[in-house]
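Okay, so here's the structure we're looking at.
The values are calculated or read from the model by the stated rules, or taken from the named source; none is laboratory data. Nothing here was measured: the structure is a model prediction, and the numbers come from that model. Cβ placement follows ideal geometry from the backbone for every residue including glycine, while neighbour counts extend to all protein chains displayed. SASA here: full protein model, heavy atoms, side chains in, ligands and nucleic acids out. Shrake-Rupley method; radii C 1.70, N 1.55, O 1.52, S 1.80 Å.
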Amino acid sequence: MDRITDKIANLAKALHKPVDPNNEYIDYKTLRKQYEAQANQEISQLQQRTKKARVQAIHGRSDLNPKWTFSNLVEDSDDVIEAVSIAQSFIAAHDDPAWRQSGSHMMLFYGDYGRGKSHIAGAIAHQLIEQYEISVLYRQLSTLLEMRYFSYDFSAKDHVGQKFREASQELLDVDLLILDEVCVNETVLKKNTQSWLGNLLRQRLVNKKNCIIITNHSLSELEHALGRYCFESIKEYDTYKVRFQGPSRREGLIQDEAETQSVPPRYQPNQVR
């Protein structure tokens with residue numbers, strides 16, 4: 001009795017079609033497994049591509065500095081080491097759906113200039129985007145307040161009012177909002193600004209949206225600058241308070257006088273003319 005492969009070969013000859021001499025019969029179950037494996041591989045590749053596209057889109061909207069990653073951070077002091085440990089715990093907590101649904105969480109970074117507060121906040125955001133596709137928005141508070149101020153110019157022709165309304169909705173919707181330079185160079189915010197920021201934080205609290213607030217003030221100074229209503233909004237969150245201390249990590253523009261004396265004036269680096 002002819003095998004199925006022989007019948008196929010005879011049929012191919014009758015139709016003047018080429019015959020593969022190495023063609024071997026494969027039973028249905030084996031063939032189905034091969035096709036399923038190939039289909040699963042193609043689906044997996046498609047999922048990886050679509051996830052990569054989603055992550056890239058989130059990064060693109062976040063306005064984060066791409067250099068703010070944990071790999072670029074130098075852990076050379078106790079405050080930074082502790083901050084990184086708390087940050088990693090905050091990130092790991094996102095693995096627990098119950099934690100994510102339990103309420104709103106806030107990290108409050110406060111302390112001296114140049115200690116890496118913005119860098120660590122950005123590193124948290126980058127990792128949350130990569131691991132959990134968390135939507136993130138990084139904004140300096142002063143920039144938002146300027147936009148808010150100019151939005152009241154009804155004669156403006158650049159649609160700043162509409163832009164601010166769209167930005168305000170984005171502030172409410174994003175999963176993680178990072179507000180940097182909060183009350184920088186401000187002893188006390190204006191009353192209407194305190195109310196606006198307090199309402200923003202309270203609405204995010206109700207919607208179980210997380211925040212990171214970064215400030216150079218101490219906590220008592222921040223409470224005074226924000227006002228009681230706004231600061232009470234912060235206290236409603238499940239808050240992680242992280243204090244940064246010590247000298248700035250940023251390189252200075254002015255060198256120590258003893259160092260510059262030995263260098264001819266016209267060759268002094270970072271010389272301000």
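On a full-extension model of 0.36 nm per residue, what is the gain between Arg32 and Glu130, subtracting their alpha-carbon distance, rounded to one decimal in nm?
Stretched fully, the Arg32-Glu130 segment lengthens by 31.8 nm.
How far is it, in nm, from the label point at Ser102 to the one at Asp173 when both lie 7 Å from their Cα along the line to the Cβ?
That separation, rounded to one decimal, is 2.9 nm.
Using C-alpha positions alone, give me the convex hull volume of the range 77-180 per residue in cubic angstrom.
In the range 77-180, the Cα hull volume divided by residue count equals 119 Å³.
Taking each pair of different alpha-carbon atoms in the range 92-138 once, compute 1/r for the pair, average those values, and report the inverse of that mean as the Kirkwood hydrodynamic radius in Å to one decimal.
12.2
Using 0.36 nm per residue of separation minus the Cα-Cα distance, give me the extension gain between Arg54 and Arg165 in nm, one decimal.
37.5 nm
Sorted by average packing, counted as other Cβ atoms within 10 angstrom per residue and highest first, what order do 171-183, 48-60, 229-241 take?
In descending order of packing, they fall as 171-183, 229-241, 48-60.
If a/c stays under 1.5 just call it rounded; otherwise compare a/b with b/c (prolate if a/b is bigger, oblate if not). Do that for the range 29-82, with a ≥ b ≥ c from the square roots of the Cα gyration tensor eigenvalues.
It comes out oblate by the Cα gyration axes.
Whole number in Å², please: accessible area per residue of the range 32-78, 1.4 Å probe, ligands, DNA and RNA not counted.
81
Counting only protein heavy atoms, what percent of the accessible surface of the range 51-172 is carbon or sulfur at a 1.4 Å probe?
On the way: 3370 of 6490 Å².
For the range 51-172, the apolar C and S fraction of the accessible surface comes to 52 percent.
Could you tell me the accessible area of His94 in Å² (1.4 Å probe, neighbours in place), rounded to the nearest ten?
Its heavy atoms expose roughly 10 Å² to the probe.
Put a dot 7 Å past each Cα toward the Cβ at Met147 and Asp112; how far apart are the dots in nm?
The two pseudo-label positions are separated by 3.3 nm.
Provide Met106, Met147 ordered by accessible surface of protein heavy atoms (probe 1.4 Å), highest first.
I get Met147, Met106, largest accessible area first.
With a 1.4 Å probe and all protein chains kept in place, how much accessible area does Arg100 have, in Å² rounded to the nearest 10?
Its accessible surface works out to 90 Å², give or take rounding.
Which length gain, in nm to one decimal place, applies between Arg61 and Lys241 when the Cα-Cα distance is subtracted from 0.36 nm times their residue separation?
Here the segment from Arg61 to Lys241 would lengthen by 62.1 nm.
Quote the FRET efficiency, to the nearest 0.05, computed for Asn192 versus Lys13 with a Förster distance R0 of 51 Å and r equal to the Cβ-Cβ distance.
That pair, Asn192 with Lys13, gives E of 0.05.
Rounded, prolate or oblate, given the Cα gyration tensor of the range 62-244, with a/c below 1.5 counting as rounded? Before the final figure, lay out each step's value.
On the way: a/c = 1.56, a/b = 1.40, b/c = 1.12.
Here the range 62-244 falls in the prolate category.
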